[in-house]
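Only one structure is covered here, and it is reproduced in the block below.
The values are calculated or read from the model by the stated rules, or taken from the named source; none is laboratory data. Please read these numbers as outputs of a predicted model, since none were measured by experiment. Glycine also receives a Cβ, built like all others from the backbone with ideal geometry; neighbour counts cover every protein chain displayed.
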Amino acid sequence: MLVVSGSSSSSQSAQRERERERERMGREVSESCVDSLLTEMVSSYCNRFYADKPDLAARRIEAIGYQVGHQLSERYTMERPRFSDHLEAIKFICKDFWSEVFKKQIDNLKTNHRGTFVLQDNRFRWLSRMSTDPSLETGQEGDSKATEAMSMHLYFPCGIIRGALSNLGIPCAVSADISSLPACSFVVRIKA
């Protein structure tokens, strides 16, 4: 019988790697499932539950995002010390948090050093595969309807950001700007 030394350690290493991969896969959700869920949620709140009250639909969608962001932030900061200032927390959102949620970092961060931060994502995942209804694209009125429909999808990520920052002890208001798709800017205004 021939025994090769080191073979068991490499097989143990491979086994550990497979276990880590299975564990990682168990924590991820298919992007297409998330896209479908988000689309259906926005559609349900805008067309069924609050068809005649778009402001209420927007608040409900943002509130769901807030809960998701709060819980994700709790999970991703469990083993980290508290952030010492607002800028550190915002950098965490731009790098680590965004990477976990959207598989990339924020492309650009700007601040006025007075509590306003602009997070720029040049290819926001949730907008990159969206299309508008061609029947809405007839003139300025159609453009405003298409923009309104698209903006309803941004209340959820705005809520995610607000919830994550709230969990980090930073009360704020978050809004989104979509001037050129699929780029998106999130404006975070910290409340004094």
- Query: In region 167-182, which residue that is crowded, with 16+ Cβ neighbours inside 10 Å and at pLDDT 90 or above is farthest from Pro81 (Cα to Cα)?
  - Reply: Ala176
- Query: Has region 70-85 got at least one residue that is closer than 18 Å to Gly159 by Cα, surrounded by fewer than 16 Cβ atoms within 10 Å (Cβ to Cβ), within 18 Å of the chain's Cα centre (by Cα) and in contact (Cβ under 8 Å) with a residue 60 or more places away in the chain?
  - Reply: yes
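Would you tally the residues in region 17-48 being farther than 30 Å from Arg59 by Cα and at pLDDT 75 or above?
Let us first name the residues in region 17-48 that are farther than 30 Å from Arg59 by Cα, namely 17-26.
From the residues that got through so far, the ones that are at pLDDT 75 or above too are none.
Total meeting the criteria: 0.
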- Message: If I ask for residues that are at pLDDT 95 or above, of a type in the set (A, V, I, L, M) and farther than 17 Å from Cys172 by Cβ, which ones from region 80-110 would you list?
- Response: none
